[in-house]
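The values are calculated or read from the model by the stated rules, or taken from the named source; none is laboratory data. Bear in mind that the values here come from a model prediction, so they are computed numbers and not experimental data. Ideal geometry is used to build each Cβ from the backbone, glycine not excepted, and the neighbour counts take in all protein chains shown.
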Amino acid sequence: MATLKAGGTSVDAVEIAIRVLEDDPVTNAGYGSNLNFDGVVETDASIMDSFGRTGAIGATPKIQNPISLARLVLERSSQPLTLKRVPPNFVVGEGAADYAREHNFPVTPNDCLVAHPARIRFAKWQREIEYQEIMKKKGRLDNDQSAELPMVGPSGRPIQEAGSALPPDASLPATPELMEEKVDLVTDTVGAISIDRYGNMAAGSSSGGIGMKQPGRVGPAALIGVGTFVKDVGDRQVATVVSGTGEHMLHTLISSTAVQRLFFSDDELDSVKAIINEDFMGSQGFSKANIWGEPAIGVMSVKAENVGHDKRLISFIFGHNTDSFALASMTSNDTAPKTIMSRVSREPKLAVGGSSRLIQMQLKPPPNMSEGSKLTRKEKEKMKRVHKQNKKPPITITVPKLAKKRNSSLTSALESLRIDGRGDDKDQNSVPQNSATTPQKPVDSDSDVDKDLRGCWSPKAPTPGPR
């Protein structure tokens, strides 16, 4: 929010918000990400803005802030290469790491991307894999049986939805003390959506992928239209970021589908239910493709509509069929973020919620526009449309009528957040202090196991990556 108030763009805000989460070992992104089966951190990230520009990286090693590298790809995608080559907007693997080096982007040793809890998770998962292999050799467990016995933690969720890991290391044996440590086996992908004072929207996602994944596996956080999507047409904008089991989401283009539904909807909560139940759970991947694993998804969207010549209705909508979903939102009028840990305690698992607020918007051209800087054709067209809208007379519509039109599906303020499909527990709207939405300190400095890795940690305040 400080970035936006200082005149930063929506892309700046999305990058910085996600960088904060990537630097937090609680999340499955950047520092502390899941490791693949070979013990290497391979990150995914994508970012998209109102002008349709995109940047993404997939299965990329040695990057602490993948969202910033994705931002760099976005910026460079509009700069032509020699021989009239088309610049990339999606790079993967070692090629993406080479791309970072070529553009003087920081490249980080693999060990510096690992948190202490990640070490513990990997040790436990490795031990379970070894046990299954031994049982197979003894003939007590065939392939079908092992597929039906996924590695799970105390939460009961399978490993493909779980969190950080560290490869085996001769200097870091899986000692009994290490194996007995209790850690949360579930961490989460992160995403952010922002609208700036110029009326532009941006969205981004970042993830370390599933635990013990196949090396080279690219997840939904790297894919525009699957993990991240933005639509800006006329006087209406919608952005969506999605998290969940990637293999189930890849063929549904779920974030693009969600944006399309919400863009033309007058009842956003019903639309979110349809996104989860029909577009995701009802897709052909479940009825025909027979993809193994438990389908899980969490959807977060923001919708903005012009109401009059100087006001916009901003709607914050979410839904999930997972056990929990951590969210936070904030406007320029708020003194602190509104946070919530949404939980589902009964079957069928489905929770949807949302809120809306009428915001005074003074749409102004970016400072660089008056300086005669080179804007793209799409940026110029967008600014012309913004100025034209500002000159129009106010639309004779009131907020109560708008709320009625939406069937009262969204509340009138963020303070009265409504959530459907919940259990009756009184504490379900509470937000744990250690939720993924609250930045945590890196690692306990008294930890002997992780002291060497702390030398890689940078506690500095995040700043935008190189342009």
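Structure notes:
- Any hit, the stretch 183-202, residues being of a type in the set (D, E, K, R), at pLDDT below 85, farther than 30 Å from residue 303 by Cβ and not in a strand (DSSP E or B): yes
- Every residue from the stretch 46-92 that is in a loop (DSSP other than H, G, I, E, B), among the small types (Gly, Ala, Ser) and crowded, with 24+ Cβ neighbours inside 10 Å: 50
- Reported count of residues in the stretch 285-330, each being modelled with pLDDT under 90 and outside any strand (DSSP E or B), is 15.
- Residue 327 being crowded, with 21+ Cβ neighbours inside 10 Å and at negative phi: yes
- Number of residues in the stretch 26-45 that are closer than 9 Å to residue 209 by Cα and either surrounded by fewer than 24 Cβ atoms within 10 Å (Cβ to Cβ) or touching a His at 6+ places or on another chain (Cβ under 8 Å) (or both): the value is 1.
- Residue in the stretch 149-165 that is at pLDDT 80 or above, assigned to a helix (DSSP H, G or I) and either under 23 Å from residue 34 (Cβ atoms) or of a type in the set (Gly, Ala, Ser) (or both) present: no
- Residue in the stretch 228-248 that is touching a residue at least 12 places away in the same chain (Cβ under 8 Å), over 17 Å from residue 204 (Cα atoms) and part of a helix (DSSP H, G or I) present: yes
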